[in-house]
Amino acid sequence: MEKLWIADEAAAVMDALSRAGIRSWVVGGCVRDMLRGKTPHDWDIAAAAAPQEMETALSAFRLLETGIRHGTVTALVNGSPVEVTACRGEGEYRDMRHPESVTFHCSLEEDLARRDFTMNALAYRPSDGLIDLYDGVRDIETGVIRCIRRPEDRFREDALRILRALRFSAQLGYRIEEETGAAIHALAGNLRVISAERCAAEFCKLILGAYAAEVLQEYGDVIAVILPVIAPMRGFYHREEHGGALWRHSVVPLAFAPENLAVRLALVLRDCAKPVTQLCGDDYPGHAERGAELVREALRRLKLPSALIGRTAELVRFHSALPDANRSAILRALNVLGEETLLELMDMREADRLSHGEDTADIARLREKTKELTACGACWQLSQLAVSGDDVKALGYSGREIGQTLQRLLDAVMDGRCENTHAALEAWLSTKN
Ligand code: ATP
Ligand code: MG
């Protein structure tokens, strides 16, 4: 019998349950991850007991009871949360309407049957070994995402599973089994009833996945349900790159992008306004600015955090605006964009170039030069200028002239026309008047 490693905190919870005569198993994603040779990032335990019995058995731990109505408590063991759920089947919902007569179905089989995919329906306990009622091990070994029972029924029960299938495929590189895939395409519209927050959480995990490009390409119809802004991109053809298909051109660079959510969202959405700004041929006047507006709207609908929305829209707006690798151009770009955004724009351009098999040495040089400049304290913002508004005022400037003069001084410093010292700036000003 195969022995699997279980983290101390999960083992401590299982021991406590066992001392109270309650059988328990580690279940779900953590078993899947152990079998994949990955350390699980959280531990879920199913216990064959009613919630109150479970709570009593775990009273030695600090317990968070937020999910107790659904039969879940979270035990904090040395600071790590371990989620413990009373085994439950579909009957639970009926029973929960009559709290006086709660009878949780204490069968592991029923608990596993309500889970989403075969790879997520595994249970393990050291004395019994692995419990694999749906051939989840085989599917992990061959890299397949397959619904338990009839996919259409399972997606009708809970449409979020549609997005979960896509995000697991994007994270793990597993292929989605045919029937499951067909049901996903057929029932994608049901995602409209799922809250924006839950869709967004899965979509963000999806787009950060190592295999996101493939999944977005194959399931663009599904993504268009939660992000309608991409719908016009899907049938749109532009230049010859990537066969001319705009959607493909938008997602393929993801395979070369860093794990940065704003960069990845901006890459996928950067050309979303091309279909609505096309004049003739390859002319799309203002597509970056219009794209930034559309992206803002689209991500607001998904209720993403406003800081992330702002950063993504900024990247879309400036996605074709990389400076030349000379000092003055870089400093001016830093002035407009800030260091973080400028470096992220380089990541985007690099991913795009790599997706075409093109050389990126010039971007590497630009990145290096930019980092050199910021590290050595080069001046690219007013706060770094060696003279202040008060200094300029003391020289006889007043009102709006003060700000304009500071800007002229900053421009002169960024262009290398004047050194950034008090004396040099003052001297420069006197020669200019
Ligand atoms: P992750 O590594 O992202 O945590 P996970 O598989 O652990 O992946 P969770 O959302 O933590 O995902 O869910 C834990 C387990 O609960 C899943 O493995 C699955 O068995 C079950 N589960 C979660 N959401 C659903 C759902 N919508 N429908 C059915 N079962 C679900
Ligand atoms: Mg989990």
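The values are calculated or read from the model by the stated rules, or taken from the named source; none is laboratory data. This is a predicted model, so every value here is computed, not measured. Using ideal geometry, Cβ is built from the backbone for each residue, glycine included, and neighbour counts are taken over all protein chains shown. Keep in mind that these areas ignore ligands, DNA and RNA; they rest on the heavy atoms of the full protein, side chains included. Shrake-Rupley method; radii C 1.70, N 1.55, O 1.52, S 1.80 Å.
Computed values, structure above
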quantity	calculated
Sole residue being within 15 Å of the chain's Cα centre (by Cα) and either at pLDDT below 95 or open to solvent by 40 Å² or more (accessible area, probe 1.4 Å) (or both), chosen from Ala307, Ala266, Ala288, Ala273	Ala307
Cβ pairs under 6 Å, 6+ apart, first in segment 7-21 and touching a residue at least 12 places away in the same chain (Cβ under 8 Å), second in a helix (DSSP H, G or I)	Ala16/Ala57; Leu17/Ala57; Ala20/Ala57
Matching residues, segment 40-70, being among the polar types (S, T, N, Q) and either within 12 Å of ligand 1 (Cβ to nearest atom) or not in a loop (DSSP other than H, G, I, E, B) (or both)	Gln52, Thr56
First in segment 57-71 and assigned by TED's automatic domain parsing to the domain that holds Ala46, second anywhere and acidic (Asp, Glu), Cβ under 9 Å, 6 or more apart	Leu63/Glu55; Glu65/Glu55; Gly67/Glu83; Ile68/Glu55; His70/Glu92; Gly71/Glu92
Check on Leu133, near ligand 1 (Cβ under 10 Å from one of its atoms) and among the aliphatic types (A, V, I, L, M)	no
Unmet requirement for Leu160, which otherwise passes all of (1) out of contact with any strand residue (DSSP E or B) (no Cβ under 8 Å at 6 or more places or on another chain); (2) over 18 Å from Leu254 (Cβ atoms); (3) of a type outside the set (S, T, N, Q); (4) away from ligand 2 (no atom under 16 Å from the Cβ)	(4)
Hits in segment 395-433 (condition: over 14 Å from Leu382 (Cα atoms) and assigned to a helix (DSSP H, G or I))	Arg400, Glu401, Ala423, Ala424, Glu426, Ala427, Trp428, Leu429, Ser430, Thr431, Lys432
Residues of segment 81-125 classified as modelled with pLDDT under 50, within 16 Å of ligand 1 (Cβ to nearest atom) and either open to solvent by 50 Å² or more (accessible area, probe 1.4 Å) or not assigned by TED's automatic domain parsing to the domain that holds Ala50 (or both), total	2
Qualifying positions in segment 136-156 - of a type in the set (Asp, Glu) and either over 11 Å from Leu187 (Cα atoms) or in contact with a strand residue (DSSP E or B) (Cβ under 8 Å, 6 or more places away or on another chain) (or both)	Asp139, Glu141
Boolean, Leu58 is modelled with pLDDT of 90 or more, away from ligand 2 (no atom under 16 Å from the Cβ) and open to solvent by less than 10 Å² (accessible area, probe 1.4 Å)	yes
Selected residue (only one of Leu130, Leu172 is closer than 19 Å to Lys38 by Cβ, touching a strand residue (DSSP E or B) at 6+ places or on another chain (Cβ under 9 Å), at pLDDT 95 or above and away from ligand 2 (no atom under 16 Å from the Cβ))	Leu130
Tally, over segment 160-196, of residues that are part of a helix (DSSP H, G or I), open to solvent by 40 Å² or more (accessible area, probe 1.4 Å) and within 14 Å of ligand 1 (Cβ to nearest atom)	4
Those residues of segment 180-225 which are among the charged types (D, E, K, R) and more than 16 Å from ligand 2 (Cβ to nearest atom), in sequence order	Arg192, Glu197, Glu214, Glu218, Asp221
Residue list for segment 26-42, filter: of a type in the set (A, V, I, L, M, F, W, C) and either open to solvent by less than 10 Å² (accessible area, probe 1.4 Å) or more than 16 Å from ligand 2 (Cβ to nearest atom) (or both)	Val26, Val27, Cys30, Val31
Flag if Gly37 is more than 25 Å from the chain's Cα centre (by Cα), among the small types (Gly, Ala, Ser) and within 15 Å of ligand 1 (Cβ to nearest atom)	no
Hits in segment 340-377 - residues which are not small (Gly, Ala, Ser) and not in a helix (DSSP H, G or I)	His356, Glu358, Asp359, Thr360, Cys376
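A quick yes/no check of all residues on (1) outside the structural domain of Met414 (by TED's automatic domain parsing); (2) on the phi < 0 side of the Ramachandran plot; (3) modelled with pLDDT of 95 or more:
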position: Phe318; (1), (2), (3): yes, yes, yes
position: Ala321; (1), (2), (3): yes, yes, no
position: Ile330; (1), (2), (3): yes, yes, yes
position: Thr341; (1), (2), (3): yes, yes, yes
position: Leu345; (1), (2), (3): yes, yes, yes
position: Met348; (1), (2), (3): yes, yes, yes
position: Ala361; (1), (2), (3): yes, yes, yes
position: Glu368; (1), (2), (3): yes, yes, yes
position: Asp391; (1), (2), (3): no, yes, no
